[in-house]
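Below: the structure, in structure tokens.
The values are calculated or read from the model by the stated rules, or taken from the named source; none is laboratory data. Only a predicted model underlies this, so the values are computations on that prediction, with no experimental measurement involved. Glycine also receives a Cβ, built like all others from the backbone with ideal geometry; neighbour counts cover every protein chain displayed. Surface accessibility is based on the protein's heavy atoms, side chains included, excluding ligands, DNA and RNA. Shrake-Rupley method; radii C 1.70, N 1.55, O 1.52, S 1.80 Å.
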Amino acid sequence: MLSIRVSAGNVLFKEGDPANCAYLVEEGWIEIYTEQDGRRQSLSLIGTGQLFGEMGVIDGSVRTATAVATENSKLLCISAEQFLSLLDHAEPFHAELLRKLVARFREAQKAWMKGAILPRQESSAMGPGYAMLAGHRDIAHAIDRGEIVPYLQPIVDMVSGRWLGFEALARWQTPDDGVKLPVEFLPLAERTGLVQRIDLCIALRAMTELHPVGGHPCPYLNINFSAWHFKEERLLPAVRDLLEQSHLEPERLRIELTESQMLDNSDQALEIMSELQALGVKLALDDFGTGYSSLSVLHQMPFQILKIDRSLVSGVLVESRQRYVLRNLVALAADLDMEIVTEGVEDEATAIALRSLGCLAGQGYLYGRPMPIEDAIAAWQEQEATAAAKP
Ligand code: C2E
Ligand code: CA
Ligand code: CA
């Protein structure tokens, strides 16, 4: 971006010029006008903090008016390339809103110049903003119809093979398209905030169904909460409500959070975390070992469980450095009184290697994929019955 100074009377662009940049007025005044039958028709005066010349950049058309400095002015030039790249990175809905506003303004301007009152809005393609709104609507309907449900994946004692509890993972059971994975609907729900409703309905259903399931000890339940609950300070009341409605004992509930959720407002995050712990709920740091986690969070935040990401686990058989990192993490977690759960355990050899490093609890395809709640509960009950039958 370039700052330029222009003197009073300087023309910045003329009607018919290509729109190769937009301008932000830093100082001074710019007049925008058209000429009709040799008469100058002033359209607007643009002052400090205002943008002009952006319309042609947004809709790719030539200038439909002339811009001239009415006094010595200072302008920030934003090239069309830069402007469009910012627009490409904007939320599709916001970018489309801008394009539609420009189209409407152009029509209004044309109509006004012809003396008409009601400009006709030409039909146009639906665009990515529409896809986002329609996607949001579909997910909201799916929640209302109870199509978004929790699947449960067991978390296992890797020494005895005994299931200890479950992580609830969202699945969309569509009427005609089979079961959709989170990657197919969560990113959009994250962007629009709808993920909060998903989290709550997954948590309530899983907690309610798991509450009556007994055992020695009873299975615990891990749930995932999006950063939105932190941002909107709804986490604590939401968890209280969930516990009240489901009757699940707080000690059986584990909330999985990622470090990036805590970064925005760590003092506030700390307060919420300690209030959750005062309820008896345990907190797990999810995805540890990905780009979003760092060691500092381990001692700054009072997590009781550390979930080690699959990316750290998968190389454990071949990478000696990875084994070294894991061994030290186990020692660190023990010092900090944290329990470790390793994610993505896919084969026995990895499980053996993890056990030898001191990782005792694991989750992964080796032990069980995420499954419908009824199947998970049936398998749990079978395990308990087998254990009870043993002398
Ligand atoms: P996550 O919390 O890290 O969950 C673990 C993911 O790893 C799950 O993917 C699980 O199916 C998968 N996984 C488990 N064991 C293995 C294994 O041995 N190998 C491999 N390759 N993958 C394994 P899933 O169910 O597709 O969920 C993806 C992510 O979506 C979750 O990652 C979590 O971040 C998010 N998510 C899922 N359900 C919810 C939810 O209800 N609320 C929120 N906010 N996020 C959710
Ligand atoms: Ca998780
Ligand atoms: Ca994880």
Report task. Using only alpha carbon positions, build the gyration tensor of the chain, then give the equivalent ellipsoid semi-axes as the square roots of 5 times its eigenvalues, largest first, whole angstrom. Result -> 58, 25, 18
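May I ask you to order 232-240, 200-208, 22-30 by the average number of other C-beta atoms within 10 Å around their residues, highest value first?
Highest to lowest by the protection proxy: 200-208, 22-30, 232-240.
Per the 1.4 Å probe, what fraction of the accessible area of the range 267-391, in percent, lies on carbon and sulfur atoms?
53
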Query raised in the report: In Å², what does the accessible area per residue of the range 319-391 work out to with a 1.4 Å probe?
Result: 56
Query raised in the report: Going by a ≥ b ≥ c, the root eigenvalues of the Cα gyration tensor, does the range 1-103 fall in the rounded group (a/c under 1.5), the prolate group (a/b larger than b/c) or the oblate group?
Result: oblate
Query raised in the report: Give me the log10 of I(q) over I(0) for the range 289-391 at q = 0.16, 0.17, 0.18 Å⁻¹, as the Debye formula computes it from C-alpha points; what are the numbers?
Result: -0.79, -0.86, -0.92
Query - Over the chain, relative contact order from alpha-carbon pairs under 8 Å, at least 6 apart, % - result: 12
**Report entry** Highest to lowest packing among 159-170, 220-231, scored as the average C-beta count within 10 Å
**Finding:** 220-231, 159-170
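Per residue, how big is the convex hull around the C-alpha atoms of the range 105-255? Give it to me in cubic angstrom, could you? Provide the component values of the computation, followed by the final result.
Details: hull volume 25.7 nm³, N = 151.
Measuring per residue, one finds 170 Å³ for the Cα hull of the range 105-255.
Rounded, prolate or oblate, given the Cα gyration tensor of the range 37-152, with a/c below 1.5 counting as rounded?
Cα axes put the range 37-152 in the prolate bin.
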Report summary line: Using alpha-carbon positions, the gyration tensor of the range 241-357 gives root eigenvalues a ≥ b ≥ c; with a/c under 1.5 called rounded, otherwise prolate if a/b exceeds b/c, else oblate, the class is prolate
Report task. Take the alpha-carbon centre of the range 1-31, take the same for the range 96-162, and report the distance between them in whole Å. Result -> 35
Query raised in the report: In deg cm²/dmol, rounded to 500, what helix-only [θ] at 222 nm does the chain give when every DSSP H run of at least 4 residues adds -39500 (n - 2.57) and the total is split over its residues?
Result: -13500 deg cm²/dmol
Report task. Please list 55, 113, 273 in order of solvent-accessible area, largest first, computed with a 1.4 Å probe with all protein chains present. Result -> 113, 55, 273
Query - Heavy-atom surface of the range 163-241, accessible at 1.4 Å and reported per residue (Å²) - result: 45
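Which net charge results for the neighbourhood of residue 286, defined as the other residues with beta-carbon distances under 11 angstrom from its beta-carbon, given Lys and Arg at +1 and Asp and Glu at -1?
Taking every other residue near residue 286 into account, the sum is -4.
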Query raised in the report: Of the lysine pairs in the chain, how many meet both conditions: Cα atoms under 25 Å apart, and a spacing of 8 or more in sequence or different chains?
Result: 10
Query raised in the report: Carbon and sulfur atoms: what percent of the 1.4 Å accessible area of the range 91-207 do they account for?
Result: 62
